[in-house]
Amino acid sequence: SNSKGQTTFISPNVAKVYGFTAEEIYQQGHALWFDRIHPEDRETVRVPFHSLFPAGRRFDVEYRIKRADGRWMWVHDRAVATHDANGLLYADGIFTDITERKRVETERALLLAQVESQGRRLNDLVANVPGVVWEAWGRPDQATERINFVSHYVEKMLGYSVDEWVSTPNFWLQIVHPDDKERAGAEAVGIFAARE
């Protein structure tokens, strides 16, 4: 399209993707396109699009547009302005359908929000437990066990920092009384092996 608002070429498959014909776009120019942009996205599109003319900048925007059948779809619209031999500015660009990618991004964001909300509730619950809450993986020995999580109450109850517990394999066994260490270690290994 050019700076006069005329569309000079559009791929024939526009009818398959958007539901309206290339002829409609040739006749109505930019107006057809802008009228179909989602109201919330219009300024996001309008400002950088008009900055192509006469400045000749790049255009790279993601927005929603209404198909001829009334459904909304997401497009990634990229263009760059160039001069023709007569000095008239043209924008050459490409539209990519990113509807599925946006759907996945939305679902992922919703899932992350749910996980974060559950995590906050769990943290609130753990913070009110008058004891040490912990999680570990690996065999209960100094070579392989790692602590994923230990509640901050460990500092109040035992005086050790959360960092000490998390960074040191099998930290709990290091602070067991020497008379109990062998028995406690053996019991922990047995419970782990039995999946109890």
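Looking only at residues of the range 164-181 that are more than 41 Å from the chain's Cα centre (by Cα) and open to solvent by less than 70 Å² (accessible area, probe 1.4 Å), we find that the one that is nearest to I147 (Cα to Cα) is I175. Kindly provide the set of residues from the range 55-66 that are among the aliphatic types (A, V, I, L, M) and in a strand (DSSP E or B), ordered by number. Residues satisfying the conditions are V61, I65. Looking only at the range 105-129, residues that are closer than 21 Å to I65 by Cβ and either exposed (fewer than 10 other Cβ atoms within 10 Å of the Cβ) or among the polar types (S, T, N, Q) (or both) come to 1 in all. For Y160, indicate whether it is hydroxyl-bearing (S, T, Y), within 30 Å of F49 (Cα to Cα) and either surrounded by 10 or more Cβ atoms within 10 Å (Cβ to Cβ) or modelled with pLDDT of 80 or more (or both). It is false that Y160 is hydroxyl-bearing (S, T, Y), within 30 Å of F49 (Cα to Cα) and either surrounded by 10 or more Cβ atoms within 10 Å (Cβ to Cβ) or modelled with pLDDT of 80 or more (or both). Going residue by residue through the range 39-56, is there one that turns out to be at pLDDT 75 or above, farther than 23 Å from T82 by Cβ and in contact with a helix residue (DSSP H, G or I) (Cβ under 9 Å, 6 or more places away or on another chain)? Yes, because at least one residue in the range 39-56 is at pLDDT 75 or above, farther than 23 Å from T82 by Cβ and in contact with a helix residue (DSSP H, G or I) (Cβ under 9 Å, 6 or more places away or on another chain).
What do you reckon, is D69 at pLDDT 75 or above, assigned to a strand (DSSP E or B) and either under 17 Å from F20 (Cβ atoms) or in contact with a His (Cβ under 7 Å, 6 or more places away or on another chain) (or both)? No; evaluated as a whole, the condition is false for this residue. Among the residues of the range 15-33, those that are surrounded by 15 or more Cβ atoms within 10 Å (Cβ to Cβ), modelled with pLDDT of 75 or more and among the hydrophobic types (A, V, I, L, M, F, W, C) comprise F20, W33.
The values are calculated or read from the model by the stated rules, or taken from the named source; none is laboratory data. Predicted model only: the values in this text are computed from it and were never measured. For neighbour counting, all protein chains shown are included, and Cβ atoms are generated from backbone atoms with ideal geometry for every residue, glycine included. We work out accessible area using only protein heavy atoms, side chains counted, and drop any ligands, DNA or RNA first. Shrake-Rupley method; radii C 1.70, N 1.55, O 1.52, S 1.80 Å.
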